[in-house]
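Input: a single structure, listed below in structure tokens.
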Amino acid sequence: MGCCSSKILSINETEKNVKNNIIEEIERKETNVPKIEYRNKINLIYSVKSEGCYNLLDHKFMTKNKDIIELILNGEQIKPNIELKEGEYTLTIIIKNKLNDLSEMFYNCRALKDITELQFLDVSEVKSFNYMFYNCESLSDISPLKKWNVSNCISFHGMFQYCKSLSDIRPLQNWNVSNCNYFSIMFLGCSSLIDITPLEKWNVSNSISFNGMFHRCKSLSKIEALKNWNVSRCNDFRYLFCLCSSLKDIIPLENWNVSNCINFSLMFNLCRALTDITPLQNWNVSNCNYFTAMFFGCSSLKDITPLENWNVSKAISFQYMFQECSLLSDVKPLANWNVFNCKYFNDMFKKCISLSNIEGLSKWDVSNGCNFESMFNECKALSDIRPLKNWNVSGGNNFEYMFNECLLLSDVKALKNWQFLKPNIICLGMFYKCSPLLDLKPLENWNLPKDSFNALITKVKNLDKK
């Protein structure tokens with residue numbers, strides 16, 4: 001028994017020694033980590049490529065902080081806007097008190113090049129970085145921001161907007177963004193940005209807006225970093241990947257909880273490389289009101305089957321949703337969509353030049369729709385509109401160019417029972433350039449003034465209402 005006790009004691013002592021060694025090692029490392037010494041005097045480098053007036057600091061920012069900040073250039077106090085000749089300049093910023101709002105600080109400072117000493121700026125109490133580096137087109141190195149404490153920030157809106165030279169955002173990877181509510185247009189127009197891997201560990205669970213966060217990031221092709229983002233609080237995904245023309249794979253988004261979103265407008269607008277939207281098939285979009293231009297210009301998108309089970313019953317707008325989806329030929333997957341609450345159908349399938357089968361729309365209840373303008377405009381393969389026979393369009397007031405340039409459309413009898421009850425109906429060019437269409441007699445019972453009826457079509461014989 002005594003022998004066993006001795007062994008147990010020996011093991012416990014060993015474990016204790018190991019723990020002590022680990023603690024000592026951690027303390028040693030922490031001691032060797034240099035602490036940031038914040039400064040109240042910061043030097044920045046500006047590279048002026050051609051003579052002219054330049055922003056050294058935003059005028060509004062300076063006005064707001066006139067009692068806190070001084071600008072010194074070549075030993076003299078200056079204004080934020082100044083005429084400069086070609087060359088490099090060192091600007092000294094003297095900060096007399098702690099800042100809690102850096103919004104627009106370097107707004108449109110096109111010549112700002114070297115921000116090395118911003119690492120010594122205390123941003124621990126800053127709540128807004130809105131447009132801080134807006135249009136700083138010469139800025140490519142943001143490594144000085146690596147150790148910034150942004151834990152109190154609630155808005156990064158437009159922080160790096162139009163920083164065209166920015167390609168490396170690794171310095172941001174350890175930022176604590178857990179309190180932020182707004183990431184809207186944060187990297188809008190960062191056309192050199194390819195890799196967003198540094199953002200994969202960001203805690204964005206408090207965000208309510210990603211509106212345009214990567215808008216116009218035309219070099220961005222991979223978004224794997226966003227796979228585990230918790231976006232459940234967000235209600236605004238507008239423009240998120242708009243004009244991300246290199247984006248092809250959206251699999252990382254398949255498990256996103258978007259149930260609180262009310263606006264998907266232009267989310268994938270002009271993502272011309274996007275071919276597969278299967279990752280979106282299980283999205284809960286039941287609270288969304290706006291799908292405006294969501295897939296506008298997705299010219300490689302052919303199959304919209306993944307959307308067949310979407311609950312769109314709260315949708316108010318489908319305008320431009322599939323405009324210029326030039327490979328889309330069949331909308332059968334939309335057959336079970338409940339569109340009863342939708343008011344805006346205008347331009348929904350405009351320039352879907354391959355669209356030939358609209359049978360999927362036959363059971364749609366569009367009775368609350370008010371705008372059908374250009375809905376099928378330039379659907380050049382569309383010849384059969386019988387699926388629209390039972391549509392109740394009596395609440396509509398705008399049908400302008402609805403079937404314009406449907407070049408194969410020759411028979412409109414299916415629409416003879418459509419009723420127009422609103423005053424001042426707009427129907428100019430409703431069948432304009434439907435070249436085979438020679439006879440509008442089936443529509444003579446439409447309750448339209450003669451002028452409005454005659455406006456339905458031009459350059460076609462026998463269009464006068466008898």
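Throughout, read-outs are computed from the coordinates displayed, never taken from laboratory work. These figures come from a predicted structure and were not determined experimentally. Quick reminder, even Gly has a Cβ in these numbers, built from the backbone with ideal geometry, and neighbours come from all protein chains shown.
A few notes on this one:
- When the listed pairs 164/222; 49/147; 227/248 are checked against a 23 Å cut-off, the alpha-carbon distance exceeds it for 49/147.
- Pairwise FRET efficiency - residue 311 versus residue 49, Cβ, R0 = 56 Å, nearest 0.05: 0.55
- Full extension of the chain between residue 259 and residue 340 gives 27.2 nm of extra length, using 0.36 nm per residue less the Cα-Cα distance.
- Given R0 = 60 Å, the distance between the Cβ atoms of residue 332 and residue 81 translates into a calculated FRET efficiency of 0.50.
- Computed 3J(HN,Hα) for the stretch 283-299, one whole-Hz value per residue from the Karplus formula 6.51 cos²θ - 1.76 cosθ + 1.60 where θ = phi - 60°, is 5, 8, 10, 5, 9, 6, 9, 10, 10, 3, 6, 4, 10, 3, x, 7, 6, glycine and proline marked x.
- Residues of the stretch 35-58 with amide N under 16 Å of a point placed 7 Å along Cα→Cβ from residue 73: 43-58
- Length gained on full extension, residue 147 to residue 232: 27.8 nm, using 0.36 nm per residue less the C-alpha separation.
- Mean separation of Cα contacts under 8 Å, 6 or more apart, over the residue count of the chain: relative contact order %: 6 percent
- Its DSSP H runs of at least 4 residues, each contributing -39,500 (n - 2.57), put the calculated 222 nm mean residue ellipticity of the chain at -3000 deg cm²/dmol, to the nearest 500.
- By the count of neighbouring beta-carbon atoms within 10 Å, fewest first, 92, 292, 116 end up ordered 116, 92, 292.
- Based on C-alpha pairs under 8 angstrom that are at least 6 apart in sequence, the stretch 262-466 has a relative contact order of 13 percent.
- Coupling constants for the stretch 241-251 follow from the phi torsions by the Karplus curve (6.51 cos²θ - 1.76 cosθ + 1.60, θ = phi - 60°), and in residue order they are 10, 4, 6, 7, 5, 9, 6, 10, 9, 10, 3 Hz; glycine and proline get x.
- Label zone (residue 363, point 7 Å along Cα-to-C-beta; backbone nitrogen cut-off 18 Å) within the stretch 268-307: 305-307.
- Using the Karplus relation 6.51 cos²θ - 1.76 cosθ + 1.60 with θ = phi - 60°, the per-residue 3J(HN,Hα) values for the stretch 151-156 come to 5, 9, 5, 10, 8, 10 Hz, with x marking Gly and Pro.
- Restricting the calculation to alpha carbons of the stretch 208-275 gives Rg and Dmax of 11.1, 29 angstrom.
- Based on the convex hull around the alpha carbon atoms, the stretch 38-247 presents an average projected area of 10.8 nm².
- Per DSSP, loop trypsin sites (Lys or Arg not before Pro) in the stretch 348-387 with at most 15 further Cβ within 10 Å: 363
- Estimated distance in nm for a label pair at residue 392 and residue 281, the labels positioned 7 Å out from Cα along Cα-to-Cβ: 3.4 nm
- log10 of Debye I(q)/I(0), alpha-carbon scatterers only, for the chain at 0.10, 0.12, 0.13 Å⁻¹: -0.84, -1.00, -1.08
- Compared with the dominant Cα axis of the chain, that is its longest principal axis, helix 2-32 is turned about 80°.
- Projected label points at residue 41 and residue 205, each 7 Å from Cα along the beta carbon direction, are separated by 4.5 nanometres.
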